[in-house]
Amino acid sequence: PCAPAAVPRRSFFSKGAAAGVVTTGLVQSAFAATPTIDAPAPDFELPSNRDKNIGLKDLKGKWTVLYFYPGDFTSGCTIEAQNFEKNSKQIRDLGAEIVGVSVDSAEKHLDFAKKYGLSFPLLSDKGGKVSESYGTALKLGPIGTFSNRQTYLIDPSGNLKYVFTDVQSKIKVHAEEVVAKLSELTKA
C-alpha cells in the first residue's frame with residue numbers, strides 16, 4: 001500500500017482531525033482505553049511553560065481540569081484555551097486548577113500562553129506517553145503522535161471523576177460545561 005502523503009500539521013488539524021475527519025490510511029493506531037472513573041488518575045510529570053516540571057503530585061489537594069489538545073496556535077486549540085481562560089475565575093472559585101497538555105514543546109507553550117494571556121500552565125508531552133496513559137494519543141503515521149481533544153476532572157485526592165470525550169463538537173461551550181460539571185461534583 002502507498003504511504004499517505006505528508007500533510008502539514010497545521011493544515012491537518014484545521015481541516016482534518018480538528019474537524020472530526022481522519023483518513024483511515026493515515027491513522028496507525030487510535031485511542032487506548034480511557035482510565036477508569038473513581039480510580040487514581042494516571043501519574044505524570046511533564047515540563048511546563050512555567051520553567052519547571054509539573055506532575056499530578058503537585059496538583060493534589062485541589063480539583064484539576066486536565067485538558068488535552070492537539071497543538072498550540074491552531075484555530076480550535078486557540079478557541080478552547082481562550083474559553084478556559086475566560087472561565088478561569090469560576091473554575092478557580094470551585095477550587096480547581098486548569099492544566100493543558102499537548103505534544104508541543106514547553107517553549108512553544110510559552111509563546112502560546114503569552115500571545116493569548118493564559119494564566120494556567122501548559123505541559124509538554126513530547127512523544128505522547130502521558131496522552132497514551134489517558135487514552136487520548138492519536139498516532140498519525142508520518143505526521144507523528146498528537147493528543148486528541150479530551151478533558152479530565154481529577155479530584156483533590158488524585159482520582160479521576162469525569163471525562164469529556166466529545167469536546168470537538170462543543171468546543172465553543174466546553175469550558176462552560178466544565179464549570180457546570182465541576183460545580184455539580186464539588187457539591188456532591
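The values are calculated or read from the model by the stated rules, or taken from the named source; none is laboratory data. Every value quoted in this text rests on a predicted model; they were computed, and no experiment measured them. Note that each Cβ is placed from the backbone with ideal geometry, even for glycine, and that neighbours are counted across all protein chains shown. For the accessible areas, the whole protein counts, side chains as well, though only heavy atoms, and no ligand, DNA or RNA atoms are used. Shrake-Rupley method; radii C 1.70, N 1.55, O 1.52, S 1.80 Å.
Summary of computed values
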read-out	value
Lys, Arg +1 and Asp, Glu -1 on Cβ, resulting dipole of the range 46-117 about Cα centre, debye, nearest 20	260
Relative packing of 169-182, 50-63, 102-115, which averages over residues the other C-beta atoms within 10 Å, highest first	102-115, 169-182, 50-63
Accessible-area composition of the range 103-142, carbon plus sulfur, in percent [1.4 Å probe]	52
Burial order of peptide ranges 89-95, 71-77, 120-126 (average beta-carbon count within 10 Å, highest first)	120-126, 71-77, 89-95
Sites ILE37 and SER169 - FRET efficiency at Förster radius 35 Å, r taken between beta-carbons, to 0.05	0.95
About the Cα centre, charge dipole magnitude for the range 116-180 (Lys/Arg +1, Asp/Glu -1 at Cβ), debye	200
Principal axis box of the range 84-188, alpha-carbon based, largest edge first, Å	45, 29, 29
THR186 - accessible surface, heavy atoms, 1.4 Å probe, Å² rounded to 10	50
The range 52-162 - accessible surface per residue (Å², probe 1.4 Å)	35
